[in-house]
Amino acid sequence: MDVKDKIKYIFSYKIAGKLLIELNTKKAFKNFKPPKNWRTDILAPPLRTGVYTKEIIAKHYLEGRYVSGVKPVAWVTSGAPIEILKALGFYILYPENHGALCGARKVALEISEEAEKKGYSIDICSYARTDIGATLSKKTPVGKLPKPDLLLCCTNICQTVLYWYRVLAEYYKVPLIVIDTPFVYDEAKKHDIEYVKKQLEASIEVSEKVAGKSLSFSKLKEVVRLSKMAAELWLEIMNANKNKPAPISVFDQFIHMAPIVEKRGDPETVDFYSKMLDEIRERIKNGIGAVKNERKRVLWDNLPIWYKIRFLSEFLAENGVSVVASTYTNAWGELAPMMDIERPIESMAKTYVYPILNRGTGHKLKTMETMVKEFDLDGAILHSDRSCKPYSVGQMDQRLKLLNELGVAALLLEADHNDPRAFADEQIKSRLKAFMEMMD
Amino acid sequence: METVKSIGIDAGSTTLKIVGVNEKGKILFSIVEDADPKVEEQTERVLNKLKENYDIESSKIVATGYGSNLIKADKKVTEITCHAKGIYEYFKTGGTAVDIGGQDNKVILISKNGKVIDFIMNDKCASGTGRFLENTAWRLKIPTEKMAELALNSDGEVKISSTCAVFAESEVISHLSRGQKLEHVIKGLHRAMVKRITSMIYAVGFNPPLMLSGGVAKNKAVVKMLEEELGEKPMIPENPQIMGAFGAALIGLSQ
Ligand code: SF4
């Protein structure tokens, strides 16, 4: 560890930076009011506890600026088993989350064009293009991303990540851990879990070497415990939407899910979601809905369209349509019960084999069918994401099944989660409007 | 002067359609024009001209189509709902409505009582729309109307494998330069377009009868091939282009 780096880290992040961010949050919380152009005529004000989402993310990226040379840094895929790294004290960066942030700030296109200029095809996932573009050009809206010392790639979301992380490994010349998760058609076989468990065990040695210390088992258990707690709270927040009107829309969830992805395993994340849950319960008590005049309730399938969240949320709310459930935000809560604090590695192996994208299309259909019933939905919007093939495959049939077997309106909406070139404003509007007219 | 109760305006990507109805929903007039880039001015001009023969002072105006945002109207409704309404009231039956327009295709499943059960539109791609034929017609310098005739009278057919409007055009040229007969190639082009449409129909699930609308419904070769592919004779309104505007006008009646 470089002493200069350490001093800079302590001063710029631990003391001045953190303090400033916390002060700002306190002020924002105290004088809380919706942003100027917030459509208070159709939407409830944003959640007050949302100021903490901003705080957590701001701190996370600020720490990233100064962390090199102080803590080991790992870049990981969104479905990666991070608990071991967390217990070893790694600073963990999620390129997909950073990609989403670029999308929401509307700079993803400019950054992915940097990758395209170097020959990366426009047909590659837009997260991968955004990340490779950011790596090559150093462009980022968060100031600076720390270089990785280790890469952790888990194939439980797609195969794209495998090639993407190989590119990163070659570029940064750092070790790459690949956790290969067999696809689950119905139930995972015993040997599937065993296979993943062995890989996790083998990864410990590599991670320890990079971290320069050995793994404490009790620390690992603690991280798993906190991870599980945060995920359970998140699940409860989502389930609160079974109430009518739904207290928080899925578009809100897209924003407030950042900590459960990026800061899973931290005590602050648990505190944060428990505060948020309190506020949501308060809303339920007072009969406040995310959409003011909730007439219809629908679900969202697939990734968000990051650069159009506000537009979509308002367009639907204008017509009293509230998006109350989503397979996407659900993915970070549904596996919480599988985590077992007493058997961390084994339960991690199981948990990380079962994400929705690593399972057959029938499972996703079942998830949506359950949502339709439990959340009492009138329709479903299936975002067909040009980038994300594993999420989009099967949607044609899933849409028809929802329509014919459950009798809810179902719409396939073609776009891309991070590439605005695949979003045709007028077409999307006309399809959404027709979908809403159909539900009336 | 006859009183027009309601006017439907369908401002599509290639044509502007305006229909007026009386209180019984009977069509009093229908106008179809190529769309001007300034559709708001065009609409105003047409409406002003109508005032010479009709009393439209108190008419309800319902607009639909891509240009509808630019038009002053009492209500704006999507093409899906308008087409479904127009077709259902015209034929008085549910089934599968297929509208093949200049840049947009829609397939709408209509229930027995006229409700939209499901719909699908072509996304971000003009394949299978009127443009698909127009492009090639223009390139070959053949009037679009003549294309259908050539296809109908052709004694053979060349397979066009590309469904992309741009690639199909170059495929056509390459077939011709290899000495294939013009009418065989044109017939193949129609087939490619029809296959694209039938695949959309299958995507929502075909439920007879088949009811056609949109400008391309006037193309006899397309109609015949659709019948061949689906084994069902399509029903076609007298003026297939105005179904959306007709539906819009009918929606205005209940305002
Ligand atoms: S392809 Fe899908 S799962 Fe894979 S990185 Fe892209 S968005 Fe994520």
Requested in this report: Take the range A:59-92 and flag every residue that is among the charged types (D, E, K, R), surrounded by fewer than 22 Cβ atoms within 10 Å (Cβ to Cβ) and touching a helix residue (DSSP H, G or I) at 6+ places or on another chain (Cβ under 6 Å).
Outcome: A:Lys59, A:Glu63
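Could you check how many residues of the range A:361-389 are within 16 Å of the ligand (Cβ to nearest atom) and out of contact with any Lys or Arg (no Cβ under 6 Å at 6 or more places or on another chain)?
Final tally of qualifying residues: 10.
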Query raised in the report: Looking at B:Thr129, B:Thr96, which is the one that is among the hydroxyl-bearing types (Ser, Thr, Tyr), at pLDDT 85 or above and under 15 Å from the mean Cα position of the chain (by Cα)?
Result: B:Thr96
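Output the residues belonging to the range A:157-167 that are more than 9 Å from the ligand (Cβ to nearest atom) and touching a residue at least 60 places away in the same chain (Cβ under 8 Å).
We begin by selecting, within the range A:157-167, every residue more than 9 Å from the ligand (Cβ to nearest atom); these are A:162-163, A:165-167.
A:Tyr165, the sole residue that qualifies.
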Requested in this report: Having 2 or more residues that are out of contact with any His (no Cβ under 8 Å at 6 or more places or on another chain) and of a type in the set (Val, Ile, Thr) is the bar; report the helices (runs of 4 or more DSSP H) wholly within the range B:59-155 that clear it.
Outcome: B:79-91
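When you scan the range A:381-389, do you find a residue that is assigned to a helix (DSSP H, G or I) and without any contact (Cβ under 8 Å) to a residue 60 or more places away in the chain, even just one? Let's see the steps before the verdict.
In the first step, residues of the range A:381-389 are kept if they are assigned to a helix (DSSP H, G or I); the result is A:389.
Of the ones still in play, those that are also without any contact (Cβ under 8 Å) to a residue 60 or more places away in the chain are none.
No, there is no match, as no residue in the range A:381-389 is assigned to a helix (DSSP H, G or I) and without any contact (Cβ under 8 Å) to a residue 60 or more places away in the chain.
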Report summary line: When the range B:204-255 is checked residue by residue, the ones that are in contact with a Ser or Thr (Cβ under 8 Å, 6 or more places away or on another chain) and more than 30 Å from B:Ile61 (Cα to Cα) are B:Val204, B:Phe206, B:Asn207, B:Pro208, B:Pro209, B:Leu226, B:Glu229, B:Leu230
Query raised in the report: Can you find even one residue in the range B:122-131 that is within 11 Å of chain A (Cβ to nearest Cβ) and among the acidic types (Asp, Glu)?
Result: yes
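From the list A:Val210, A:Val174, pick out the single residue that is outside any helix (DSSP H, G or I), among the hydrophobic types (A, V, I, L, M, F, W, C) and over 30 Å from A:Lys54 (Cβ atoms). Working first, answer last.
Numbers: A:Val210 fails: outside any helix (DSSP H, G or I).
Only one candidate passes the filter, namely A:Val174.
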Query raised in the report: Within the range B:127-162, how many residues turn out to be touching a Lys or Arg at 6+ places or on another chain (Cβ under 6 Å) and exposed (fewer than 15 other Cβ atoms within 10 Å of the Cβ)?
Result: 0
Query - Cβ pairs under 9 Å, 6+ apart, first in the range B:203-220 and on the phi < 0 side of the Ramachandran plot and more than 14 Å from chain A (Cβ to nearest Cβ), second crowded, with 24+ Cβ neighbours inside 10 Å and acidic (Asp, Glu) - result: B:Leu212/B:Asp99; B:Ser213/B:Asp99; B:Val216/B:Asp99; B:Ala217/B:Asp99
Report task. Inspect all residues belonging to the range A:336-352 and state whether any of them is aromatic (Phe, Trp, Tyr) and within 29 Å of A:Thr49 (Cα to Cα). Result -> no
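Go through the range A:95-126 and give me each residue that's buried (at least 23 other Cβ atoms within 10 Å of the Cβ), outside any loop (DSSP other than H, G, I, E, B) and not hydroxyl-bearing (Ser, Thr, Tyr).
Matches in the range A:95-126: A:Pro95, A:Glu96, A:His98, A:Gly99, A:Ala100, A:Cys102, A:Gly103, A:Ala108, A:Ile111, A:Ala115.
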Requested in this report: Quick one: A:Val353 ticks every box in (1) at pLDDT 95 or above; (2) assigned to a loop (DSSP other than H, G, I, E, B); (3) more than 16 Å from the ligand (Cβ to nearest atom) except a single one, so which number is it?
Outcome: (3)
Query raised in the report: Of all residues in the range B:163-179, how many are out of contact with any Ser or Thr (no Cβ under 6 Å at 6 or more places or on another chain) and surrounded by 15 or more Cβ atoms within 10 Å (Cβ to Cβ)?
Result: 2
Report task. Check whether at least one residue in the range A:128-145 is within 16 Å of the ligand (Cβ to nearest atom) and not in a helix (DSSP H, G or I), and report yes or no. Result -> no
Query raised in the report: Does the range A:422-435 include one or more residues that are touching a residue at least 24 places away in the same chain (Cβ under 8 Å) and within 16 Å of the ligand (Cβ to nearest atom)?
Result: yes
Report summary line: Of the residues in the range A:411-440 that are more than 7 Å from every other protein chain (Cβ to nearest Cβ), within 21 Å of the chain's Cα centre (by Cα) and assigned to a strand (DSSP E or B), the one that is surrounded by the most Cβ atoms within 10 Å (Cβ to Cβ) is A:Ala415
Requested in this report: Could you tell me whether B:Lys75 is in contact (Cβ under 8 Å) with a residue 12 or more places away in the chain and either more than 13 Å from chain A (Cβ to nearest Cβ) or touching a Ser or Thr at 6+ places or on another chain (Cβ under 8 Å) (or both)?
Outcome: no
Query raised in the report: Which of the residues belonging to the range A:1-37 are more than 20 Å from A:Tyr91 (Cβ to Cβ), basic (Lys, Arg) and surrounded by 12 or more Cβ atoms within 10 Å (Cβ to Cβ)?
Result: A:Lys26
Query raised in the report: Do any helices (runs of 4 or more DSSP H) lying entirely in the range A:10-94 carry at least 2 residues that are away from the ligand (no atom under 16 Å from the Cβ) and small (Gly, Ala, Ser), and which ones are they?
Result: A:50-66
Query raised in the report: In this structure, does B:Phe167 turn out to be free of Cβ contacts under 8 Å to residues at least 40 places away in the same chain and within 30 Å of A:His383 (Cα to Cα)?
Result: yes
Requested in this report: Check the range A:396-410 and report whether any residue there is within 11 Å of chain B (Cβ to nearest Cβ), within 15 Å of the ligand (Cβ to nearest atom) and either in a helix (DSSP H, G or I) or within 26 Å of A:Asn156 (Cα to Cα) (or both).
Outcome: no
Query raised in the report: Just checking, how many residues over the range B:35-58 are closer than 18 Å to B:Glu79 by Cβ and either of a type in the set (A, V, I, L, M, F, W, C) or not in a helix (DSSP H, G or I) (or both)?
Result: 2
Report task. Give B:Glu57, B:Glu89 a once-over and let me know the one that is modelled with pLDDT under 95 and surrounded by fewer than 24 Cβ atoms within 10 Å (Cβ to Cβ). Result -> B:Glu57
**Report entry** Residues of the range A:168-194 satisfying the condition of being within 14 Å of the ligand (Cβ to nearest atom) and either within 14 Å of another protein chain (Cβ to nearest Cβ) or within 19 Å of A:Ile82 (Cα to Cα) (or both)
**Finding:** A:Leu168, A:Thr181
Query raised in the report: Given the conditions (1) within 14 Å of another protein chain (Cβ to nearest Cβ); (2) of a type outside the set (Asp, Glu); (3) surrounded by fewer than 17 Cβ atoms within 10 Å (Cβ to Cβ), and given that A:His383 satisfies all but one, which numbered condition is not satisfied?
Result: (3)
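The values are calculated or read from the model by the stated rules, or taken from the named source; none is laboratory data. The model shown is predicted, which means the values in this text are computed figures rather than measured ones. Cβ coordinates were reconstructed from backbone atoms using ideal geometry, including for glycine residues, and neighbour counts include every protein chain displayed.
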